[in-house]
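Below: one structure, written as structure tokens.
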Amino acid sequence: MEAQSRDMASEAKAVHEVLPNVVPLWEVFSTLIPSGPGKMVEPFVWNGKELLKELKRIAYDVKLGGEVERRVLVPVNPGLKKLGLYTATHTIYVGFQIVLPGEVAGAHRHTPFASRFMIKGEAWTTVDGVEISFREGDFITTPRWAWHDHVNRSSEPAIWMDALDTPIPKFLLASTFQDYGEEVQPLMTGDLYTRSVSTGLTPAFSLDWTKAASPPLKFAWNDTYGMLKDLASISDGSPYEGVTVMMKDPSTGRDVSGSLGADMTLLKSGTRTKSHRHTMSVVYYVVKGRGTITVEGKTLPWGESDIIALTPWAYHELANEGPGEAVLFSINDRPLLTSVGVYREEPENK
Ligand SMILES: [Fe+2]
Ligand SMILES: [Fe+2]
């Protein structure tokens, strides 16, 4: 057997010599089919209060326009930074954006899917002519390749978290970007179209707002939080994920995009979830409360406004260690993994 593998190895060398652009499978097998995700994505907690403070500090110095398409600070996973990748996990980009009163972040479009979770203030985003206002706690989506611009008509700065799937189109060599050429788009229907999609109230007469294939969605904080509170009053939720609601497109029942999904989780006071792992990675934004996340035995504390990156296929548990409830908004890549057929989850058998 040993002699045989030595023969195979020397034969392999001969393959390299004869065919420089061909490799024997056994030499690259573990690279092609690794037994686990490796250490590329590190579990990490960014101090959100410091990040938001820095965002406000630079806001008046860094002017929008030219190179600064958007004024955004981007949490970068330390494991990915080493590889020249500027995202929170290998599939999820999040960025913290500030738009000052009266400012316009000009219209453009791109193949990455985008979504926004408002942290402070109010802004108006126009998506393919449909204007959507969003304020603290609201979550909105921008479908792929839809023109979008952001305007702040209020008297306070608007700060939100963008969540995009930039690594996915990039990996697929399908990432494209285009400027609109003008600052803002003409409005088509105000927010009527979005309201129709969200509520199911469809006009019984003909209107020319035929973007239904991929509508922008809005999940208002009062609806999401109200649902969580009602659920928490009758259930402790999942022992692994707490009281969690998934945000779904009400017109299709599907996730908000083909790649990324969005959840909101309420952890009751004293909750400690059971250790488990899944192939999806997750980025959490802590809306309120404080606690810890333990990933593969390493415990990291988190508090209000912090951002947490959860490694795929790593055992983890969340604990609420504050006096009251904790609420965490999160973005995951479950839809992508599910559609490819590689979503897996399992509890830790301790
Ligand atoms: Fe954009
Ligand atoms: Fe989990």
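None of the figures in this text is laboratory data; all of them are computed from the coordinates on show. This is a predicted model, so every value here is computed, not measured. Ideal geometry is used to build each Cβ from the backbone, glycine not excepted, and the neighbour counts take in all protein chains shown.
Based on alpha-carbon positions alone, could you give the equivalent ellipsoid semi-axes of the chain from the gyration tensor, as √(5λ), descending, whole Å?
38, 27, 21
Can you pull out the GluC sites (Glu not before Pro) in the stretch 38-99 whose DSSP state is coil and whose Cβ has at most 12 other Cβ atoms within 10 Å?
GLU67
How long is the stretch 263-350 along each principal axis, judged by its Cα atoms, biggest number first, in Å?
Answer, in whole Å and largest first: 40, 28, 19 Å.
Give the order of ASP333, ASP236, ASP61, ASP128 when sorted by the count of other beta carbons within 10 angstrom, beginning with the fewest.
With the fewest neighbours first, ASP333, ASP236, ASP61, ASP128 line up as ASP61, ASP236, ASP128, ASP333.
Using the 10 angstrom Cβ neighbour count as an exposure proxy, how do SER330, SER155, SER115 rank, fewest first?
By the 10 Å Cβ count, ascending, the order reads SER155, SER330, SER115.
Using a 7 Å offset from the Cα along the Cα-to-Cβ direction at both LYS268 and THR199, what is the distance between the two label points in nm, to one decimal?
The two pseudo-label positions are separated by 3.4 nm.
Between GLN178 and TRP26, how many nm apart are label points set 7 Å from Cα along the C-beta direction?
Here the modelled spin labels are 5.2 nm apart.
I need the phi-derived Karplus couplings for the stretch 83-99: 6.51 cos²θ - 1.76 cosθ + 1.60, θ = phi - 60°, integer Hz, Gly and Pro marked x.
These are the phi-based 3J(HN,Hα) values: 9, x, 10, 10, 9, 7, 10, 5, 10, 10, 9, 10, x, 10, 10, 10, 10 Hz.
Starting at the first residue of the stretch 60-67, write each ³J(HN,Hα) from the Karplus equation 6.51 cos²θ - 1.76 cosθ + 1.60 with θ = phi - 60°, in whole Hz, x for Gly and Pro.
8, 8, 8, 8, 6, x, x, 5
Karplus couplings for the stretch 134-144 from phi (6.51 cos²θ - 1.76 cosθ + 1.60, θ = phi - 60°), rounded to Hz, Gly and Pro as x?
Calculated HN-Hα couplings, in order: 9, 9, 2, x, 7, 10, 10, 10, 10, x, 4 Hz.
Within the chain, what's the longest stretch lacking chymotrypsin sites (Phe, Trp or Tyr not before Pro) that sit in DSSP loops with no more than 12 other Cβ atoms inside 10 Å?
Answer from the scan: 206-350.
For helix 48-59, report the angle its Cα long axis makes with the longest principal axis of the Cα atoms of the chain; keep it between 0 and 90° and round to the nearest 10°.
60 degrees
Taking 0.36 nm per residue of separation and subtracting the Cα-Cα distance, what length does fully extending GLU67 through GLU54 add?
2.7 nm
Compute the signed sum of charges (Lys and Arg +1, Asp and Glu -1) over the other residues within less than 12 Å, Cβ to Cβ, of ILE331.
That works out to -3.
In terms of modelled amide H atoms, which long-range or inter-chain residues lie less than 5 Å from the amide H of GLU131?
Under 5 Å from the amide H of GLU131 lie the amide H atoms of MET188, THR189, GLY190, ASP191, each far enough along the sequence or on another chain.
Place a point 7 Å from Cα of GLU296 in the direction of its Cβ. Which residues in the stretch 57-87 have their backbone N less than 14 Å from it?
So the set is 78-80.
Can you sort LEU300, LEU318 by how many other beta carbons sit within 10 Å, fewest first?
Neighbour counts put them in this order, fewest first: LEU300, LEU318.
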